[in-house]
Amino acid sequence: MRKPERHAELDRRTRKRLVTRQKISDVATRLFMERGFDGVTIDEIANAADVGRMTVFNHFPRKEDMFFDREDEIRELAFDAVRSRSPGTSPVQALLMLAHTMVEQPSEIFPPFEETRAFVETAQASETLKARARQMRDDFTRDLAALFAGEVGDEGDGSIAYLAAALVTATWSTAFLQAHAALRRTSDSQAVKAIFLAMIDRGAVATLAALRGTALAR
């Protein structure tokens, strides 16, 4: 009878940890949006969240991690789309379909563009966040290339898989930033969606053309 009690206790600890993490993230996000990322200190976040400085670092090793706190969820969403694709669907096509689904069915992971406007503007106003975004993009490209190679079989030195991952990542990054640039100009949410998907579609066509004759194009 001891084991159920132990597992229940672990579950309570996990829930408490997740609640604390979410509280810190919510407080940090509010402060970042109000004052800019570089204008907020770790101590201010800790005080506002009513936790100790070390508690903040236990949940978020870097200040930037509090800003990009959904990165892992976005990564897994993309990777799952590749892993669970239907027979006859290439990895690039799977990610193309994911883009359309994310825009047509917004979620907490990928909300409507108008809801992320302040987030993007805050990121673009900070050199620290822009540097972190570039690092995350590079890490994502490397890991996506490894996934591509594992899904279709490594071709030679893996350079084709890396090319595919780099083209996909560049397409998504460019489409996202251009969609937000259009949102600032027009405030037309429907037009912004169309711009994003049009760029994703064109990028997919270009990527598949570059991969023609390889396993990743099939």
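We did not get these values from a lab; they are worked out from the coordinates using the rules stated. Values in this document were obtained by computation on a predicted structure and should not be read as measured data. Cβ: placed from backbone, ideal geometry, glycine included. Neighbour counts: every protein chain shown.
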For this session: Taking the Cα centre of region 2-63 as origin, sum charge times position over the Cβ atoms of Lys and Arg (+1) and Asp and Glu (-1), and report the length of that vector in debye to the nearest 20.
Result: 500 debye
Seminar exercise, completed: Summing +1 per Lys or Arg and -1 per Asp or Glu among the other residues with Cβ less than 13 Å from Asp43's Cβ gives 0
For this session: With only Lys, Arg, Asp and Glu charged, each at its Cβ (+1 for the first two, -1 for the last two), find how big the charge dipole of region 71-217 is about the Cα centre; round to the nearest 20 debye.
Result: 500 debye
For this session: Count charges around Thr141 for me, please; just the other residues with Cβ under 13 Å from its Cβ, Lys/Arg as +1, Asp/Glu as -1.
Result: +1
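Would you tally the net charge around Asp65, using a Cβ to Cβ cut-off of less than 12 Å, leaving Asp65 out, and scoring K and R as +1, D and E as -1?
+1
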Seminar exercise, completed: Helix 2-35: inclination vs the chain longest Cα principal axis, degrees, rounded to 10, gives 80 degrees
Exercise. Nearest 0.05, what FRET efficiency do Asn58 and Glu121 give at R0 = 30 Å with Cβ-Cβ as r?
Worked result: 0.50
Exercise. Using alpha-carbon pairs under 8 Å, 6+ residues apart, how would you state the relative contact order of the chain in percent?
Worked result: 20 percent
Problem set entry | Fewest-first ranking of Ile74, Ile200, using other Cβ atoms within 10 Å as the exposure measure | Ile74, Ile200
For this session: Quote to one decimal, in nm, the extra length available between Ser86 and Gln190 on full extension: 0.36 nm per residue of separation minus the C-alpha distance between them.
Result: 34.5 nm
Exercise. In the chain, with Lys and Arg counted as +1 and Asp and Glu as -1 at Cβ, which of these residues, Thr29, Leu216, Ala99, has the Cα nearest the positive end of the dipole, that is, farthest along it?
Worked result: Thr29
Problem set entry | Calculated Rg and Dmax of the Cα atoms in Å (choose from (1) 16.1, 48; (2) 20.0, 63; (3) 18.1, 64), label | (2)
For this session: Go ahead and run the numbers for FRET between Glu104 and Lys23, Cβ-Cβ distance against an R0 of 25 Å, rounding to 0.05.
Result: 0.20
For this session: Would you compute, from DSSP H runs of 4+ residues alone, the mean residue ellipticity of the chain at 222 nm, taking -39500 (n - 2.57) per run and dividing by the full residue count, rounded to the nearest 500?
Result: -25000 deg cm²/dmol
